[in-house]
Amino acid sequence: YELLRPLDLYAMWYARTLAFRAAATSLRMAPMFLFAMVLLPLLGLGDWALRVPASGAALAAFVASATLTVLLSAAITMFMHVVLVVTISGEGINRLMPGVVSVFSGLIVPLPLFPEGLQPLLHWQPFRGLADAPFRIWTGHVPLADVPAELALQAFWVCSITLLGRWLLGRAVRNM
């Protein structure tokens, strides 16, 4: 049915996925920030509280990185959707990706704690832009001088994965 609509199928799916990712992220992020920034100090756990970035430039860098994070998340999710269109069964990608993303984004173990030999690979892979990069920018572990390179890497992965997903979807639609 969607193939009959006179619009760009990938753009429509991407916009829908982007809205879903932005809403889910916002609804999770607001209570976490409220808890970590306001409630922890009120409970006497100020040492554990999340602190505001050191400067307005650092906060702006975080906002830019968080925006790219949502775009990257939508691009990865779209790629997974396109793989579902191309493959016979979506079981493999649906079972594999949550674990891969959780580990390689730094959600389970912070990426700097991985062995030194893996650090170059971990730095250049796309999942780092989903959690590690924005969190490290927020906390100041990425100096402001290095932020443009971090944002450029996130933007590179957004563009690369989006172009790959577009190409794969176009190929799949032609084969239908």
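Does Ser73 qualify as being small (Gly, Ala, Ser) and under 13 Å from the mean Cα position of the chain (by Cα)? When the stated conditions are applied, Ser73 passes them. Inside segment 124-142, residues that are part of a loop (DSSP other than H, G, I, E, B) and at negative phi make up a count of 4. Just so you know, in segment 141-169 the residues that are touching a residue at least 60 places away in the same chain (Cβ under 8 Å) and more than 20 Å from the chain's Cα centre (by Cα) include one that is farthest from Val83 (Cα to Cα), and it is Leu144.
Taking the conditions exactly as written (assigned to a helix (DSSP H, G or I), open to solvent by 30 Å² or more (accessible area, probe 1.4 Å) and either touching a helix residue (DSSP H, G or I) at 6+ places or on another chain (Cβ under 7 Å) or in contact (Cβ under 8 Å) with a residue 24 or more places away in the chain (or both)), does Val173 satisfy them or not? Please lay out each step first, then the result.
Details: assigned to a helix (DSSP H, G or I): yes; open to solvent by 30 Å² or more (accessible area, probe 1.4 Å): yes; either touching a helix residue (DSSP H, G or I) at 6+ places or on another chain (Cβ under 7 Å) or in contact (Cβ under 8 Å) with a residue 24 or more places away in the chain (or both): yes.
Yes: the conditions hold for Val173.
On the stretch given as segment 92-140, residues that are open to solvent by 40 Å² or more (accessible area, probe 1.4 Å), among the aliphatic types (A, V, I, L, M) and over 14 Å from the mean Cα position of the chain (by Cα) total 6. Residue count for segment 35-52 under the criterion of being open to solvent by 100 Å² or more (accessible area, probe 1.4 Å) and at pLDDT below 90: the result is 3.
For segment 53-66, the count of residues that are touching a helix residue (DSSP H, G or I) at 6+ places or on another chain (Cβ under 7 Å), surrounded by 15 or more Cβ atoms within 10 Å (Cβ to Cβ) and aromatic (Phe, Trp, Tyr) is nonzero.
If we scan segment 67-77, do we find a residue that is of a type in the set (Val, Ile, Thr), surrounded by fewer than 13 Cβ atoms within 10 Å (Cβ to Cβ) and modelled with pLDDT of 90 or more? Within segment 67-77, not a single residue is of a type in the set (Val, Ile, Thr), surrounded by fewer than 13 Cβ atoms within 10 Å (Cβ to Cβ) and modelled with pLDDT of 90 or more.
So that you can scan it fast, the table gives a plain yes or no per residue for (1) in contact (Cβ under 8 Å) with a residue 12 or more places away in the chain; (2) more than 26 Å from Val147 (Cα to Cα):
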residue: Leu68; (1), (2): yes, no
residue: Met80; (1), (2): yes, yes
residue: Val83; (1), (2): yes, yes
residue: Gly90; (1), (2): no, yes
residue: Arg95; (1), (2): no, yes
residue: Ser105; (1), (2): yes, no
residue: Leu130; (1), (2): yes, no
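Please tell me if Ala145 is on the phi < 0 side of the Ramachandran plot and surrounded by 14 or more Cβ atoms within 10 Å (Cβ to Cβ). So Ala145 does not fit the description; no.
The values are calculated or read from the model by the stated rules, or taken from the named source; none is laboratory data. Keep in mind that this is a model prediction, so the values were computed, not measured. We place every Cβ from the backbone using ideal geometry, glycine too, and count neighbours over all the protein chains shown. Surface accessibility is based on the protein's heavy atoms, side chains included, excluding ligands, DNA and RNA. Shrake-Rupley method; radii C 1.70, N 1.55, O 1.52, S 1.80 Å.
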